[in-house]
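Have a look at the structure below before the remarks.
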Amino acid sequence: LSPEPSPQRELRSASQDSVSESDGAPSSDAARTHGGDDQPTTQVDGTSFVQTPAEDLDIPSESMDIVYSNYLFHELPSDVREKAAKELSRALKPGGILILTDSVQLGDRASMDAALGNFGDFNEPYYRDYIECDLGSIFENAGLVCDYKAVSSTTKSLSFRKQDASKAVSYTHLTLPT
């Protein structure tokens, strides 16, 4: 999607036989191109476009194998970030994967830390709070396990997996030698 002046609450998710895209910004390219503001759900070539905020998804529980969030979390206030993480986790099937791509945060590239907050001066009211938040903890508290982190330039991607309870390993009876 093209950059817009309004927050882009973009979520792309895929299951085995369907693809859904959610964008909470009514002025988004997806809404304009695929149905307009008066049609919040549209089908185009096997892809569902649904206008719904990430913190209150209009997607059934445990219905998605993969959920992709692209530059969303720095646009959200901290309380909404936590709600969105829980909703993304709720939408994932057990064993499903969440891929989050967003701006780097403090500590990801130490050489950028001193100037990183300056981006908050450009109509980014939640950015300074975002760069200090612990995304790993937010998603772990939502029931996901972090698999991978990659940083490139000013972007980072994290992958999280929803545990499949039937395949979970329990260590409660583990005894270590003394």
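Counting only heavy atoms of protein chains, what accessible area per residue, in Å², does the stretch 97-164 have with a probe of 1.4 Å?
53
Multiplying the sequence separation of SER152 and LEU106 by 0.36 nm and subtracting their Cα-Cα distance, what value in nm do you get?
15.2 nm
Taking just the alpha-carbon atoms of the stretch 42-154, what radius of gyration and Dmax come out, in angstrom?
Over the stretch 42-154's Cα set, Rg and Dmax evaluate to 15.1, 46 Å.
How large is the charge dipole for the stretch 45-116, taken about the Cα centre, if only the Cβ atoms of Lys, Arg (+1) and Asp, Glu (-1) carry charge, to the nearest 20 debye?
Once rounded to the nearest 20, the dipole reads 160 debye.
Round to a whole number: what % of the accessible area of the stretch 93-134 belongs to carbon and sulfur, probe 1.4 Å?
On the stretch 93-134, the fraction of accessible area on carbon and sulfur atoms equals 52 percent.
Working out 0.36 nm times the residue gap between SER48 and ASP134, then minus their Cα-Cα distance, what length gain in nm do you get to one decimal?
The SER48-ASP134 span can extend by a further 27.8 nm.
The values are calculated or read from the model by the stated rules, or taken from the named source; none is laboratory data. All values reported here derive from a predicted model rather than from experimental measurement. All Cβ positions, even for glycine, are placed from backbone atoms using ideal geometry, and neighbour counts span all protein chains on display. Ligands, DNA and RNA are excluded from the accessible area calculation, which covers all protein heavy atoms including side chains. Shrake-Rupley method; radii C 1.70, N 1.55, O 1.52, S 1.80 Å.
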